[in-house]
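Working notes for the structure below.
The values are calculated or read from the model by the stated rules, or taken from the named source; none is laboratory data. As the structure is a prediction and not an experimental result, all values here were calculated from the model. Counting neighbours? That spans all protein chains shown, and the Cβs are built from the backbone with ideal geometry, glycine included.
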Amino acid sequence: MDALENHPEAGFCASKMLFYDNPRVIDRAGDVYTTAGTALVRGRGAPSQKFNIHEQVFGACAGAALYRRRMLDDIGLFDEDFFLVHEDVDLSFRAQLRGYKCIYVPDAVIYHRASSSIGDDSPISVYYSHRNLEWVYIQNMPGRLIKKTILNHVIYNIASFLFFVARGRGADFIRAKWHALKGLKRVLAKRRHIQKNRTVTDDYIWSLFEKERLLPRLARRISKNSRSDFKTPSNPPTAE
């Protein structure tokens, strides 16, 4: 609350999230969006004493965030079509397009049971992550920036597909992309509304993005400790 009072230009705040089972390690210090049109957790794996500066970031994980009521009245709440995963990235992007900044508050510390409900790379995690990733990108990315990001976005998706095939989740990944396309008409209608009402320039949005580093991202995914998959039906709900 102090951070929002001290930053009237901000509409929301991100906390420092530490792993519940290992609080000496950062789970995330705000959210990042990359030049490949993908979300990335900021600071994951760093020692807990790092990332101690109050600063502007792209967005906040809704696991522990603070939002101004007037901002939500303006841009709307979480998109219920998302259901799970990336709904907070979408909200952060919509907020930034309307000129609401996000402040990372490192002294707001919480302990996060990361992925305890859906598991790492479980069918439900892969499906909603990679369906909703496309909806965030299509709804929010300004047209001129699509031209600058689309090649990296395609490369990211190809690399992700190969990774999930190796993990035995190729079918879940394909289903996610197919249902993303099936929802395209609805997503494009939302895009028209979002882009019509944005108040910031393309250059400002571009300045918020971090360069996609696909190989380091892939290395982290391969090396991280595997968690038990959440037991869920192999066919998650469809986009309809």
Exercise for the section: Check off (1) in contact (Cβ under 8 Å) with a residue 12 or more places away in the chain; (2) farther than 18 Å from LEU218 by Cα; (3) not small (Gly, Ala, Ser) for ASN22 and give me the number that stays unchecked. Expected result: (1)
Handout entry: Qualifying residue in the range 61-80 (condition: touching a Leu at 6+ places or on another chain (Cβ under 6 Å) and crowded, with 17+ Cβ neighbours inside 10 Å)
Key = no
Exercise for the section: Go through the range 33-56 residue by residue and tally those that are crowded, with 21+ Cβ neighbours inside 10 Å and outside any loop (DSSP other than H, G, I, E, B). Expected result: 2
Exercise for the section: Go through the range 1-32 residue by residue and tally those that are part of a strand (DSSP E or B) and surrounded by fewer than 17 Cβ atoms within 10 Å (Cβ to Cβ). Expected result: 4
Completion exercise
Picked from the range 36-87 (must be touching a helix residue (DSSP H, G or I) at 6+ places or on another chain (Cβ under 8 Å) and among the β-branched types (Val, Ile, Thr)), the residue nearest to ASN132 (Cα to Cα) is VAL85
Exercise for the section: Count, please, the residues in the range 160-199 that happen to be of a type in the set (Val, Ile, Thr) and within 13 Å of VAL126 (Cβ to Cβ). Expected result: 2
Exercise for the section: State which residue pairs qualify: first residue surrounded by fewer than 17 Cβ atoms within 10 Å (Cβ to Cβ) and inside the range 196-212, second residue modelled with pLDDT of 95 or more and polar (S, T, N, Q) in any location, beta carbons under 6 Å apart, and separation of 6 or more residues or different chains. Expected result: GLU210/THR34; LYS211/THR35
